[in-house]
1. For the subset of the range 170-189 comprising residues that are free of Cβ contacts under 8 Å to residues at least 24 places away in the same chain and more than 14 Å from T152 (Cβ to Cβ), which member is nearest to ligand 1 (Cβ to nearest atom)?
2. Anything in the range 190-206 that is in contact (Cβ under 8 Å) with a residue 40 or more places away in the chain and under 19 Å from E219 (Cα atoms)? List them, or say none.
3. Mind checking whether some residue in the range 207-218 is surrounded by fewer than 19 Cβ atoms within 10 Å (Cβ to Cβ) and of a type in the set (A, V, I, L, M)?
4. Quick check: is even one residue across the range 90-103 surrounded by 19 or more Cβ atoms within 10 Å (Cβ to Cβ), modelled with pLDDT of 90 or more and closer than 18 Å to P298 by Cα?
5. Can you tell me which of V141, V148 is within 16 Å of ligand 2 (Cβ to nearest atom) and either in a loop (DSSP other than H, G, I, E, B) or touching a Lys or Arg at 6+ places or on another chain (Cβ under 7 Å) (or both)?
6. Here is a list: A162, A155. Which entry is within 16 Å of ligand 2 (Cβ to nearest atom) and modelled with pLDDT under 95?
7. Can you name the residue in the range 37-88 that is over 30 Å from K7 (Cα atoms) and basic (K, R) and is also modelled with the lowest pLDDT among such residues?
Amino acid sequence: PSVIVKKLFLQGKVVTVNQEIDYDTAEEIAMEFDVLCEKEVVVDVIEELLKEDEEDESKMVKRPPVVCVMGHVDHGKTSLLDAIRHTNVIGREAGGITQHIGAYVVEAKGEKITFLDTPGHEAFTAMRMRGASSTDIAILVVAADDGVMPQTVEAINHAKAAGIEIIVAINKIDKPSANIDRVKQELAEYELIPEDWGGSTIFVPVSAHTKEGIAELLEMILLTAEVMELKANPNREARGLVIEAELDKGKGSVATVLVQKGTLHVGDAIAAGSAHGKVRAMTDDKGRRVKEAGPSQPVEILGLNDVPNAGEVFVGCDTEKEARNFAETFIAQNKVKLLDDTKSKMSLDDLFNQ
Ligand code: GDP
Ligand code: MG
């Protein structure tokens with residue numbers, strides 16, 4: 001059933017497992033069935049849906065990069081994220097109080113960068129297991145006094161597998177024992193070769209403590225984003241990812257989502273994994289009420305009927321009925337692939353901030 005549901009889904013027909021389909025549709029699917037069987041059958045319908053959804057180039061506009069921080073434990077991921085947040089203009093707004101919504105936007109040289117914060121790693125992990133990615137650029141943090149460690153290597157492998165651009169931040173350069181060249185040498189073994197050594201990887205020596213190099217790191221992120229030509233169509237129904245979600249006693253289901261394409265509005269019907277509903281209210285990463293959110297923007301939304309998992313895809317729908325169908329299809333699908341998902345979670349989790 002999940003294969004058939006998926007096929008129909010990709011053709012834009014939202015059906016549930018126990019729904020009748022017409023003869024022509026059934027025939028069409030049967031004809032393709034052999035081909036399908038040769039491939040991995042249990043493919044995530046949502047992931048496929050996102051891939052299929054090619055955009056008209058003329059409607060695409062530049063969007064901010066989405067960045068995550070990876071690296072070995074204690075190499076300074078949390079400190080670096082804090083340093084970035086606090087050296088930024090945004091930290092000064094509202095008396096320096098920034099709301100924690102699992103992702104935040106900083107501005108450098110008048111341009112925005114979206115960082116997936118601490119709990120954001122869950123979304124990243126889940127998406128990775130789906131073979132899709134939430135992130136454009138990974139900051140690989142390597143402590144200058146410690147060098148490449150097991151989780152550094154894991155982080156490199158995961159970023160490469162996910163097709164994410166890597167920028168190396170050699171951290172803790174304020175330490176007397178810091179050895180930048182040694183880190184460069186060690187990373188060269190993993191094909192991360194600095195530009196000054198004839199390679200193409202950007203290395204930025206930084207100190208989360210003294211803030212040295214932070215501004216340059218942000219600049220390098222923007223430069224990398226520029227080269228990647230990150231674009232999205234803001235004028236379409238929204239699609240993106242759930243970064244984190246929880247049940248709040250007063251507000252009900254509260255989900256932080258990252259819009260990847262389109263624009264999400266208050267009042268939109270929406271499905272997020274197994275949950276669906278209508279966006280009742282939206283708050284940005286600075287705690288401000290907003291009416292809409294465009295590509296690469298993280299927002300907290302109220303109005304879902306249930307708490308979706310981090311890493312699930314959300315889709316803006318035309319009607320609430322469509323949103324409900326989407327969620328039901330998702331639930332039906334997930335019964336099939338639930339088993340695969342639990343395995344590698346532990347080691348991936350270690351790569352990120354805990
Ligand atoms: P994480 O496990 O990767 O998130 O690392 P943390 O951010 O928790 O940092 C681990 C330890 O390294 C803490 O004691 C930090 O104070 C320290 N640390 C982080 N960045 C720097 C830095 O730039 N210089 C120095 N000297 N220590 C740092
Ligand atoms: Mg940490």
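The values are calculated or read from the model by the stated rules, or taken from the named source; none is laboratory data. Since we're looking at a predicted model, the values are computed, not measured. Ideal geometry is used to build each Cβ from the backbone, glycine not excepted, and the neighbour counts take in all protein chains shown.
1. P176
2. The answer is P205, V206.
3. Taking the range 207-218 as the starting set, the residues that turn out to be surrounded by fewer than 19 Cβ atoms within 10 Å (Cβ to Cβ) are 209-212, 215-216.
Now drop any that are not of a type in the set (A, V, I, L, M), which leaves 215.
So far as the range 207-218 goes, yes, one or more of its residues are surrounded by fewer than 19 Cβ atoms within 10 Å (Cβ to Cβ) and of a type in the set (A, V, I, L, M).
4. Scanning the range 90-103 turns up no residue that is surrounded by 19 or more Cβ atoms within 10 Å (Cβ to Cβ), modelled with pLDDT of 90 or more and closer than 18 Å to P298 by Cα.
5. Working: V148 fails: within 16 Å of ligand 2 (Cβ to nearest atom).
Being within 16 Å of ligand 2 (Cβ to nearest atom) and either in a loop (DSSP other than H, G, I, E, B) or touching a Lys or Arg at 6+ places or on another chain (Cβ under 7 Å) (or both) holds for just one of V141, V148, which is V141.
6. A155
7. Ranking the candidates gives R85 first.
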